[in-house]
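Chemist: Shown below is the structure under consideration.
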Amino acid sequence: MKYYLISDRRLYKQALPEIARQAEAAGLDFFQLREKDLPVRELLSIAKNIRSVLNRTKFIVNGSLEVALASDADGVHLQSQNIPVETVRLKYRTLIIGYSAHNYEEMKDAADQGASYLFISPVFQLKSKNLEAAPLGTMIVSSWANSMKVPVFALGGITDANQNELIEAGCRNIAGISLFIQDGMFTAKGLVS
């Protein structure tokens, strides 16, 4: 299993660098700094602090190639409104590039453009957001993930209670925000080794 934590500082009682340190100690594979409302300078400051505590865990910055590069992050995570995957891949051959997809065609296109990994969501019904897209379910997510040439992380509504459904369906990569939070603190209690 590979686990991928996505940050949301409003949900934690601890500072993000401390969360990153604990995530690495718990064996998480990826830590994504995803704080879309922060000004670039503040985001960069936090990114540099996180970078300094992550060694094994890969550090990814969401949506900002400039912050990813300036903080010496391992990669950048992109969505459809960001710079295209192909443009980044042409200039930065070794950078980890993630992409958020919501259907099979989008997944295939991003993989063909050079994405290192993909997110597919939502897998389950979300409590925190009202999305127009219906949950994809474990069988569709597993089928799509297993047909891609790059790793695919299931995302959306995943809890320690329902992640076994994903594992039983053949998923081996799980991403989440609330999966790693309990009472405002980082938790790794739901990780399956």
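Readers should treat all values here as calculations from the given coordinates under stated rules, not as data from a laboratory. Treat the numbers as computed from the prediction; the structure is a model and nothing was measured. Methodologically, a virtual Cβ is constructed for each residue, glycine included, from the backbone with ideal geometry; neighbour enumeration extends over all protein chains shown.
Chemist: Give me the net charge for the shell around residue 101: Cβ to Cβ below 10 angstrom, other residues only, Lys and Arg +1, Asp and Glu -1.
Modeler: Values: positive: 108; negative: 105, 106, 109.
My count for the surroundings of residue 101 gives -2.
Chemist: Let me ask another. What dipole magnitude, in Debye to the nearest 20, does the chain give about its Cα centre under +1 on Lys/Arg Cβ and -1 on Asp/Glu Cβ?
Modeler: That gives a dipole near 420 debye.
Chemist: To make sure I understand, if each residue's beta carbon is the centre and we count other beta carbons within 10 Å, what order do 189, 2 fall in, fewest to most?
Modeler: In order of increasing Cβ crowding within 10 Å: 189, 2.
Chemist: Here's something else I'd like to know. Using Cα springs under 10 Å in a Gaussian network model of the chain, which residue among 25, 68, 154 shows the largest mean-square fluctuation?
Modeler: Judging by the Gaussian network model, the answer is 25.
Chemist: Expressed as a rounded percentage, what relative contact order does the stretch 2-186 have, with Cα pairs under 8 Å and six or more residues apart?
Modeler: For the stretch 2-186, the relative contact order is 20 percent.
Chemist: Further question: GNM, the chain, Cα, under 10 Å: largest mean-square fluctuation among 174, 97, 83?
Modeler: In this elastic network of the chain, the residue with the biggest mean-square fluctuation among 174, 97, 83 is 83.
Chemist: Moving on to the next point. Between the stretch 1-35 and the stretch 48-101, what's the alpha-carbon centroid distance in Å?
Modeler: Cα centres, the stretch 1-35 to the stretch 48-101: 16 Å.
Chemist: Two decimals is fine: what's Rg over Rh for the chain, C-alpha atoms, Kirkwood radius as Rh?
Modeler: Computed over Cα atoms, the ratio is 0.94.
Chemist: Another one. In the structure displayed, which of 36/58; 48/108; 2/149; 2/58; 36/91; 48/189 lie more than 21 Å apart, Cα to Cα?
Modeler: Over 21 Å apart, Cα to Cα: 48/108; 36/91; 48/189.
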